[in-house]
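The values are calculated or read from the model by the stated rules, or taken from the named source; none is laboratory data. Just so it is clear, the structure is predicted and the values come from calculations on it, not from any experiment. Here the Cβ positions follow ideal geometry from the backbone for every residue, glycine too, while neighbour counts run over all protein chains shown.
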Amino acid sequence: MELGRINCAELPRLQLAASDAEAAVITADYQRMQAYAAVQRALGR
């Protein structure tokens, strides 16, 4: 395998891994926003 090249059979697995990572970031952001809203409610803001 040459540097910078991947096997075509590996591409879907890598794309799925990238999608999973992006979904994890989105989930973490959502949880952070929920926590922030809970703190604001607790402070009466």
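Things worth noting here:
- Qualifying residue in region 3-22 (condition: of a type in the set (K, R) and either at positive phi or modelled with pLDDT under 95 (or both)): yes
- For T27, the conditions (1) polar (S, T, N, Q); (2) at pLDDT below 95; (3) part of a helix (DSSP H, G or I) all hold with the exception of (2).
One line per residue, one yes/no per condition, for (1) outside any loop (DSSP other than H, G, I, E, B); (2) of a type in the set (K, R); (3) surrounded by 10 or more Cβ atoms within 10 Å (Cβ to Cβ); (4) in contact with a helix residue (DSSP H, G or I) (Cβ under 8 Å, 6 or more places away or on another chain):
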| position | (1), (2), (3), (4) |
| --- | --- |
| I6 | no, no, yes, yes |
| L14 | yes, no, yes, no |
| R32 | yes, yes, yes, no |
| A37 | yes, no, yes, no |
